[in-house]
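Trainee: Got a structure here, written out as C-alpha cells. Questions coming.
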Amino acid sequence: MPGTGIIAMDKKILLGHGSGGKLSQTLIRELFFKWFTNPVLNTQTDSAVLSAEAPHLAFTTDAFVVDPIFFPGGNIGKLSVAGTINDLAVSGATPAYLTASFIIEEGFPFTELEKIVSSMAQEAKEAGVQIVAGDTKIVNRGKCDKLFITTSGVGWIGEPFLSVSTGKNVQPGDRIIINGPVGDHGMAVLAARELTHFSTDIRSDCACLNHIIQRVKVTCPEVRFMRDATRGGLATVLTELAENRPFGVEVDESAIPVSEATRGLCELLGFDPLYVANEGKFIAVVPLSESDSVLSAMKDHPLGVQSAVIGQIVEHHAGHVWMNTSIGGKRMLDMLAGEQLPRIC
C-alpha cells in the first residue's frame, strides 16, 4: 500500500502506536502535529513552557491505562501522580498543582478505588504538590477496562532551566548520568499481568523524582538536559537526545545498572532491559566538570543510591547512539519500531 507511517496502515491504530518508539513518533508527527501545530507544541518537550516572563509556567498532561491497575510497587493512581510530576520536573520546572480525571467502569469496587485515590493523595503530599481540580465519568460495564486516569500538571520554571527539556546546550564532552537500575517497572507490570504463577521479587520503580531532580538543579545550574525514561526505556531516551543533532552519544553497557532479577527475567522472556519502561528513572546530561558533584548529590538521595555515569556526548557519529558492549564490541541503539510491552503506564 502506498505511503508511510499511519497511511501505510490503512489509518488503523495499532498497539505499537503507544510504544514511545517509531510508530508513536509517526502518529504524533503525521496526525497531532498536523492539526495542532503551534510554536509551543512544536518544541516537542515533556512540558510546555507557556508564559513570556520569568518564572515561566510549565504545563503537561498524561493518561494512564496500565494493566493490571495494581502491581508490585504501585498502582495506577500512584503512577498517574508520579508520571505527570516527573514530566514537569525533568523539564526543569518545580511542580506545583495537579488535576485528575477518572473514567470508571460500572461495578468497579469502591474499596479498590479508595486505595487508588488515597495513594494519589499520599504521593502528591510527599512530592509537595496539590491536586486542585478533577472530573469523574462512569461508563457501562465493558466500555472501559476497570479504570483510566488522566492527570495534568503545572509548575514554575526559572530562566536558567528553560533549555533543559530541549537539550539545546548539550555539547561534546558532557557526561550522561542515570539515577539507578533500568527496566524494573516494565518487568514488574508484565509479571503481575502474565506470570501470576511465577515468583519474582521485582517491584516497580514508580516514584516522584522532583526532589532528587531539585538536588541536580541546585548542584549544577548548568545541567544541559533531563528526561525520564518511561515508554521505550533508556535506549529510546538516548536516541531522542541524539536524533538530528550535530553530536553523537556513547554509552557503556557495563556501566548501566540493571538489577539481577530484572536482567534474569528479561533474558528468560527475550526482552532487552534498555527498552523496558521505567517510572522512576531519569537521565541528566551535565558538563564533565560537574559530573562528580552531580553524581554525589544524586547518590545521597534515596532514589539515587545506585546512580551511575553511563556515557558521554561525542563529536563523531552525529545523530546516533552507540553502545560499548560488555563483551568488547559495539552496538548501535535505535528506537523500537513497534510495541515491546503494551499498557505499562
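Trainee: Listed residues Glu114, Glu126; which is modelled with pLDDT of 95 or more, more than 18 Å from the chain's Cα centre (by Cα), of a type outside the set (A, V, I, L, M, F, W, C) and not in a loop (DSSP other than H, G, I, E, B)?
Mentor: Glu126
Trainee: Here's something else I'd like to know. Restricting to the stretch 323-345, name every residue that is within 21 Å of the chain's Cα centre (by Cα), surrounded by 13 or more Cβ atoms within 10 Å (Cβ to Cβ) and at negative phi.
Mentor: Met323, Leu333, Asp334, Met335, Leu336, Gly338, Glu339, Gln340, Leu341, Pro342, Ile344, Cys345 - these are the residues of the stretch 323-345 that are within 21 Å of the chain's Cα centre (by Cα), surrounded by 13 or more Cβ atoms within 10 Å (Cβ to Cβ) and at negative phi.
Trainee: Find the residue count for the stretch 19-51, including only residues that are within 19 Å of the chain's Cα centre (by Cα), in a loop (DSSP other than H, G, I, E, B) and surrounded by fewer than 15 Cβ atoms within 10 Å (Cβ to Cβ).
Mentor: Qualifying residue count, the stretch 19-51: 1.
Trainee: Which one of Asp252, Asp300 is among the charged types (D, E, K, R), surrounded by fewer than 24 Cβ atoms within 10 Å (Cβ to Cβ) and under 27 Å from Gly338 (Cα atoms)?
Mentor: Every option except Asp252 fails the conditions.
Trainee: Can I ask one more? Checking Gly264 against (1) over 14 Å from Arg175 (Cβ atoms); (2) under 18 Å from the mean Cα position of the chain (by Cα); (3) surrounded by fewer than 24 Cβ atoms within 10 Å (Cβ to Cβ): exactly one of these is not met. Which one?
Mentor: Unmet for Gly264, out of (1) over 14 Å from Arg175 (Cβ atoms); (2) under 18 Å from the mean Cα position of the chain (by Cα); (3) surrounded by fewer than 24 Cβ atoms within 10 Å (Cβ to Cβ): (2).
Trainee: Moving on to the next point. Take the stretch 209-262 and flag every residue that is touching a strand residue (DSSP E or B) at 6+ places or on another chain (Cβ under 9 Å) and small (Gly, Ala, Ser).
Mentor: Passing the criteria: Ala229, Ala235, Ala242, Gly248, Ser254, Ala255.
Trainee: Which one of these is surrounded by fewer than 24 Cβ atoms within 10 Å (Cβ to Cβ) and either closer than 19 Å to Ala100 by Cβ or of a type outside the set (Phe, Trp, Tyr) (or both): Ala54, Ala82?
Mentor: None of the other options fit; the residue is Ala54.
Trainee: Please state which of the following conditions Gly155 fails to meet, knowing it meets all the rest: (1) in the same structural domain as Asp292 (by TED's automatic domain parsing); (2) surrounded by 21 or more Cβ atoms within 10 Å (Cβ to Cβ).
Mentor: For Gly155, the exception is condition (1).
Trainee: Could I ask something else about it? Name the single residue that is nearest to Cys208 (Cα to Cα) among those in the stretch 267-282 being buried (at least 22 other Cβ atoms within 10 Å of the Cβ) and hydrophobic (A, V, I, L, M, F, W, C).
Mentor: By that ranking, first place goes to Phe282.
Trainee: Another one. Cβ-Cβ under 7 Å, sequence separation 6+ or interchain: first residue in the stretch 92-110 and assigned by TED's automatic domain parsing to the domain that holds Ala58 and free of Cβ contacts under 8 Å to residues at least 60 places away in the same chain, partner part of a strand (DSSP E or B) and among the aromatic types (Phe, Trp, Tyr). Which pairs?
Mentor: Matching pairs, first to second residue: Ile103/Phe148.
Trainee: For the stretch 157-178, state whether one or more residues are acidic (Asp, Glu) and assigned to a strand (DSSP E or B).
Mentor: Scanning the stretch 157-178 turns up no residue that is acidic (Asp, Glu) and assigned to a strand (DSSP E or B).
Trainee: Report yes if Asp87 is within 28 Å of Arg215 (Cα to Cα), at pLDDT 95 or above, under 18 Å from the mean Cα position of the chain (by Cα) and not in a helix (DSSP H, G or I), otherwise no.
Mentor: The answer is no for Asp87.
Trainee: Could you list, in sequence order, all residues of the stretch 153-202 that are charged (D, E, K, R) and within 17 Å of the chain's Cα centre (by Cα)?
Mentor: Scanning the stretch 153-202 gives a single hit, Asp184.
Trainee: Could you please tell me which pairs satisfy a Cβ distance under 9 Å, a separation of 6+ or placement on different chains, a first residue in the stretch 36-55 that is free of Cβ contacts under 8 Å to residues at least 60 places away in the same chain, and a second residue that is outside any loop (DSSP other than H, G, I, E, B) and surrounded by fewer than 14 Cβ atoms within 10 Å (Cβ to Cβ)?
Mentor: Going by the 9 Å Cβ cut-off, the qualifying pairs are Leu41/Phe32; Ala48/Leu41.
Trainee: If you go through the stretch 57-71 one residue at a time, how many are crowded, with 18+ Cβ neighbours inside 10 Å and out of contact with any strand residue (DSSP E or B) (no Cβ under 9 Å at 6 or more places or on another chain)?
Mentor: Going through the stretch 57-71 one residue at a time, the tally reaches 1.
Trainee: Tell me whether the stretch 195-212 contains one or more residues that are free of Cβ contacts under 8 Å to residues at least 40 places away in the same chain and basic (Lys, Arg).
Mentor: no
The values are calculated or read from the model by the stated rules, or taken from the named source; none is laboratory data. What you see is a predicted model; the values in this text were computed from it and never measured. Note: ideal-geometry Cβ built from the backbone for every residue, glycine included; neighbour counts use all protein chains shown.
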